[in-house]
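For reference, the structure is listed below as structure tokens.
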Amino acid sequence: MNELQISQREMRLAETVSRQLTSSLARRKLNPAFSDFYITRLAGLTPLIAVLNTAQLGDHSAYVSADLLHQLSTDLGGLPVYLSNHSGIRYVVLLSPLPKLPRKIELPADAPRGKLALGVRFSGEAVLLNWETFLHLAVLGATGSGKSVFLQSLALQAIRDGMRLLLSDIDQTTFGMLENAPALAAPIATTPQEALGLVEQALAECDRRAGLFKSLPEHPQKLSEYNALAVKAGKDALPRWLVVLDEASSVLSALGGAKGAMGQALATLGWRGRKFGLHFVFAAQEFTKDIVGPVRDQVGLTLCFRVRNGLMAERMGCKGAERIPETRPGLAISDRFGPLQTYFVEPSALGARQSLLPTLDDFERGLFTRALAETAGRLSIPLLVGWGQRERAARQLLEAWELRGWVLRDPQRDNARYITPKLADLLSNRPTGQTPSNPAE
């Protein structure tokens, strides 16, 4: 690392922070067993990395708690302190001022399938989550903070990935444009009791899928494993489901709080849903004290837009969300990625039929059009290889298309793969703005 890239101010600050971190842990009767401190430059930022020797710590839980990170930040005069525990335990202290994020970032038309695009970090890096590993999500935000637009973005991406939706919209202001969307597994809930019905429907779907998983001799442990086995056996693949509860805090309060019927149902869905491909988003303007703990225990990611209650944001791991200005809708703080500008979608996009169809890019469209013209819709690995794809890429394409229901094996035609009516309908309704993506490149 070229030290000339680090300012003298930052070097002096790093020395001070290193001493303060050591004394802060010692005052709390924690072992300040730091094995290394180093300062670096990353995407225009200057973080200090403080590495703990985990072999000398004993129980690690006290060193990685959100409360301790907050206390360390307070001791350091408000400098942001983040945790990196991918390899050991490291505290990351940001020494340089945060750059400014754009005020508005459109959801990319070519956002990769199978991933959930959340937004952009200060570094310019896009935050993308795999549906496969996506845990449940808590979203907080006051009126006008951008929470509703973010929820609409989630719904739009889920639809484009061929998922089914269960939506609760008590105020009837977030999902009205999706009222007749084919992806809905049930009508949009507008009362607390209807919202409870959606969660119970999701749990019933978990029961159904548990039976399907059990019926396969290979005993799949997650949805992707089941779908791969089901497709090989000539069975239908199962789509993922997204359950979104807007104004969920009001719903919970109306139905007995965290220990009531809805609280218990959500807790069950929390631990059962992910295995079977059901994910839920718990959104509200604020959480009451009795709800914060149970919600935090069930979700893998919390995203706070502008909120009124700073203590609540801190308890959810999103310290500073109360300081987001009203002039910055869409700006949020997450407990995993720090600040990010979430992607924006026009509400009208959710009402357009083409926007509500799973999307294919121009590269895929070219392959399908050629198959219809030259092979009556038949597709195979040798055929795709002959058209310029590598064998591995050809296999990946066919497997992905089968899982999306775009091609299926036809027992009456030598069990070969053929384009389905679902894909034929999609080909006749051409979405715009897609970027070609050739996996063979």
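FYI, it's all coordinate maths here, none of it is from the lab. A quick note: this is a predicted structure, and the numbers were derived from the prediction, not measured. With ideal geometry, Cβ positions are generated from the backbone for all residues, glycine too; neighbour counts draw on all protein chains shown.
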How large is ³J(HN,Hα), in whole Hz, for each residue of region 374-390 in order, when computed from phi with the Karplus curve 6.51 cos²θ - 1.76 cosθ + 1.60 and θ = phi - 60°, using x for Gly and Pro? 9, 10, 6, x, 7, 9, 8, 4, x, 5, 5, 4, x, 8, x, 8, 5
Could you check which residue among E402, E247, E106 shows the biggest mean-square fluctuation in a GNM of the chain with a 10 Å Cα cutoff? E106
Whole-angstrom gap from region 370-421 to region 200-266, using each part's C-alpha centre: 30
Can you give the extra length, in nm with one decimal, that the chain gains between T191 and D410 once fully stretched, where that is 0.36 nm per residue apart less the Cα-Cα distance? 74.4 nm
Please list, ordered by chain and number, the residues whose modelled amide H lies under 5 Å from the amide H of A416; skip anything fewer than 5 residues away on the same chain. D410
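Below 9 angstrom from the Cβ of V51, what's the summed charge of the other residues (Lys, Arg +1; Asp, Glu -1)? Display every interim value, and only then the final one.
Working: positive: R90; negative: D36.
After counting each charged neighbour, the total is 0.
What fraction of the DSSP beta bridges in the chain is antiparallel, stated in percent and rounded to the nearest 5? If you can, show how the numbers build up before the last one.
Details: 36 of 59 bridges.
Counting DSSP beta bridges with both partners in the chain, the antiparallel share is about 60 percent.
Once fully extended, how much extra length lies between R370 and D207, figured as 0.36 nm per residue of separation less the alpha-carbon to alpha-carbon distance?
On the way: separation 163, 0.36 × 163 = 58.68 nm, distance 4.15 nm.
In short, 54.5 nm is gained.
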Note, region 262-279: 3J(HN,Hα) by Karplus (6.51, -1.76, 1.60, θ = phi - 60°), whole Hz, Gly/Pro = x, goes 5, x, 5, 5, 5, 4, 5, 4, x, 8, 9, x, 4, 4, 9, x, 10, 10
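All other residues with a Cβ under 13 Å from the Cβ of R27 taken together, and with Lys, Arg as +1 and Asp, Glu as -1, what is their net charge?
Values: positive: R19, R28, K29; negative: D75.
Result for the neighbourhood of R27: +2.
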For helix 192-215, what angle does its Cα long axis make with the longest principal axis of the chain, in degrees from 0 to 90 and rounded to 10? 70
Any idea what angle helix 66-75 forms with the longest principal axis of the chain, computed on alpha-carbon atoms, 0 to 90 degrees, nearest 10? 40
Counting only residues 5 or more apart in sequence or on a different chain, those whose built amide H sits under 5 Å from that of V127 are L118, G119, V120, R121
Can you list the lysines whose alpha carbon is less than 22 Å from that of K259, not counting same-chain residues fewer than 8 positions off? K289
Mind checking the angle between helix 289-298 and the chain's longest principal axis? C-alpha axes, 0 to 90 degrees, to the nearest 10. 60
Rough spin-label spacing in nm, given labels placed 7 Å along Cα→Cβ, for Q264 and R323: 4.3
Which of the cysteines found in the chain have nothing to pair with, since no other Cys Cβ lies under 4.7 Å from theirs? C206
Shape call for the chain, from the Cα gyration tensor axes a ≥ b ≥ c (a/c under 1.5 means rounded, otherwise prolate when a/b beats b/c, else oblate), comes out prolate
Could you name the lysines whose alpha carbon sits less than 16 Å from that of K104, not counting residues in the same chain fewer than 8 places away? K147
How far apart, in nm, are the 7 Å Cα→Cβ label points at W271 and M11? 5.4
Along Cα→Cβ, 7 Å out, is where each label goes; now give me the distance between the ones at E125 and R336 in nm to one decimal. 1.3
Residues whose placed amide H lies under 5 Å from that of G338, excluding near-sequence neighbours: none
Sequence-distant lysines (8 or more away, or on other chains) whose Cα lies within less than 21 Å of K232: K214, K222, K275, K422
Taking the chain and counting helices only, DSSP H stretches of n ≥ 4 at -39,500 (n - 2.57) each over all residues, the nearest-500 ellipticity at 222 nm comes to -11000 deg cm²/dmol
Short version: ³J(HN,Hα) in whole Hz for each residue of region 239-250, in order, from phi by Karplus 6.51 cos²θ - 1.76 cosθ + 1.60 (θ = phi - 60°), x for Gly and Pro, what are they? x, 6, 10, 10, 9, 10, 10, 7, 6, 5, 4, 5
Pull out the extension gain between R19 and E106, defined as 0.36 nm times the separation in residues minus the alpha carbon to alpha carbon distance; nm, one decimal. 27.0 nm
